[in-house]
Amino acid sequence: MVTNNIDNIIKEQLHYTLKETNFSDLGELYQGKVRDNYTKKDIRVIIATDRLSAFDRVITTIPFKGQMLNQVSSFWFEKTKKIVKNHIIDIPDPNVAVVHQCETVPVEVIVRGYLTGSMWRDYNKGKPTSGIMPPTGMKKNQKFDELIVTPSTKAETGHDIYLSKEEILKREMVMKDIYEEMEEAALKLFKFGQEFCKKNGLILVDTKYEFGLREGELMVIDEIHTQDSSRFWILDTYDEKFEIGNTPDILDKEIFRGWLMETYPKIFPEINPDQEIPPISEDIKIELAKRYMRSYKKITGIDFKAEISDVKKRIYENLKQANYL
């Protein structure tokens, strides 16, 4: 099929979105919210699917999402490898990363530059996040005077739990020296990301980092500065004085969270783990795919080439050609 209309391309690709994989020869399968992980000895093959999660549930699939996430993450891993070591070995397919198998640290490090998202929702309820309560009188989306780190547990299912640094160390979830190294690495990565994004007219608002240990050495793993793990705003639409409103143009999936809460207010954001996922409109899927494409270009400076294809078949062929299958 040949078309120049991006909406039509995305609509056609709805038939080929990658919901899951089953390449048993790659190793033992662990299925995360978005990625399928195959482990064999000291190698892990991570396949970014098109699954979209929100409020800690997989809600639907979005055309080209997995490819864009993997390519954006690969872009950042390459840019930051001299700042903090990462687990990347090879990228044999646009949706696939071959990485070192690491011992995952069971704590996510979330770095925040602005009062928004879940921290804003907690703040409105008078509830601290990871033991941190921002100053009184702050407005939604207001910039913090200094970056804030809000660690959480990494949940395999359900909601992640925000814990203070003191509680994490008290529970011995991670050794103190390792935690402090993680926090220092996260702040370095975030500051680099903010500076890089600013040059491209973006604000890196907040993000999460995951870390692992390989032979005792700390590495950043999973993903970095993607539209799933981070919140991005268009720089020119953010008003620091809040004179023209306080809702900047968003390039991440926050619009989807908002759509879910507006469309299904009785279900979201406090969705029951056993609750059946309600219907997701084709229009919001297409809009989300286009937003991912916009952010892809904003971040990398490269147009995303959307091509209608059988993603699973392409992945199989590329993995076979690279001798992983």
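Here the 3J(HN,Hα) profile of the range 30-47, calculated from phi with Karplus coefficients 6.51, -1.76 and 1.60 at θ = phi - 60°, is 10, 9, x, 5, 10, 10, 9, 10, 10, 10, 9, 6, 9, 10, 10, 10, 10, 10 Hz, Gly and Pro shown as x.
Between the listed residues T150, I62, F232, the Cα displaced farthest toward the positive end of the dipole of the chain, a dipole computed from Cβ unit charges relative to the Cα centre, is found at F232. Around the Cα centre of the chain, unit charges on the Cβ atoms of Lys, Arg, Asp and Glu (plus for the first two, minus for the last two) sum to a dipole of about 440 debye.
What does the charge count near L14 come to, summing +1 for each Lys or Arg and -1 for each Asp or Glu among other residues with Cβ under 15 Å from its Cβ? Intermediate results must be reported in sequence, preceding the final value.
Details: positive: K11, K19, R51, K65, K285, K290, K312; negative: D7, E12, D50, E282, D283, E287, E307, D310.
Every neighbour counted, the sum reads -1.
For I110, the amide hydrogen comes within under 5 Å of the amide hydrogens of T150, S152, Y209, counting only partners 5 or more places away or on other chains and with H modelled in the peptide plane. Considering only D56, D42, D249, give the residue with the highest GNM mean-square fluctuation for the chain, with springs between Cα atoms whenever their separation is below 10 Å. Top of the fluctuation ranking is D42. Neighbours of D177 by Cβ distance under 12 Å: Lys/Arg scored +1, Asp/Glu scored -1, total -3.
Based only on other Cβ atoms within 10 Å, what is the fewest-to-most ordering of I284, I91, I47?
Details: I284 16, I91 19, I47 26.
If I rank by nearby Cβ atoms, fewest first, I get I284, I91, I47.
Gyration tensor analysis over the Cα atoms of the range 160-314 returns equivalent ellipsoid semi-axes of 29, 22, 20 Å (largest first, whole Å).
Label-to-label distance, N200 versus E215, with points set 7 angstrom from Cα along the beta-carbon direction: 3.3 nm.
Set against the 2.2 N^0.38 Å expectation for a compact globular protein, the range 6-314 has a Cα radius of gyration ratio of 0.97. Per-residue Karplus couplings for the range 212-217, computed as 6.51 cos²θ - 1.76 cosθ + 1.60 with θ equal to phi - 60°, are listed in order as x, 10, 10, 6, x, 9 Hz, Gly and Pro entered as x.
Between rounded, prolate and oblate, where does the range 229-325 land on the alpha carbon gyration tensor, with a ≥ b ≥ c its root eigenvalues, rounded for a/c under 1.5, else prolate if a/b exceeds b/c? List each step's numbers first, then the result.
Values: a/c = 2.66, a/b = 1.35, b/c = 1.98.
Judged from the Cα gyration tensor, the range 229-325 comes out oblate (a/c at least 1.5, b/c at or above a/b).
Each reported figure results from applying straightforward, stated rules to the coordinates on display, with no laboratory input. Just so we're clear, the structure is a prediction, and the values are computed from it rather than from any experiment. Note: ideal-geometry Cβ built from the backbone for every residue, glycine included; neighbour counts use all protein chains shown.
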